[in-house]
Amino acid sequence: MDGGKHQVTATLIETTNVPTDKIVAPKEGKKVTREEFHAIVAEKQKEMQDEYGGDGHTVIKVIRQ
């Protein structure tokens, strides 16, 4: 399958038909700023890269808008 590489791209994400009983506010955790969130994401990506060898075969890209 393309030398083991593939890409999945979401072209549309609809949230209009999600039942309201399926969306539940968290009971634990803390609020973070956007900057803190981006720092957490970067840290977790580095942890995953270190854990899985960082050989370049797995790429996780977060596109922020």
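Any read-out appearing in this document is the output of simple, stated calculations on the displayed coordinates, not a laboratory observation. If you're wondering where the values come from, they're calculated on a predicted model, not measured in any experiment. Counting neighbours? That spans all protein chains shown, and the Cβs are built from the backbone with ideal geometry, glycine included.
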ask   = Roughly how many nanometres apart are two label points built 7 Å out from the Cα toward the Cβ at Lys46 and Val62?
value = 1.3
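So for Val62, Val8, Val41, fewest C-beta neighbours within 10 Å to most, what's the order?
Working: Val62 9, Val8 4, Val41 13.
Least crowded to most crowded, the residues run Val8, Val62, Val41.
At a Förster distance of 35 Å, what's the computed FRET efficiency of Glu36 paired with Thr9, Cβ-Cβ distance as r, to 0.05?
Numbers: r = 28 Å, r/R0 = 0.79.
In this case the efficiency is close to 0.80.
Take Ile40, Ile13 and order them by how many other Cβ atoms sit within 10 Å, fewest up front.
Numbers: Ile40 11, Ile13 5.
Ascending number of Cβ neighbours within 10 Å: Ile13, Ile40.
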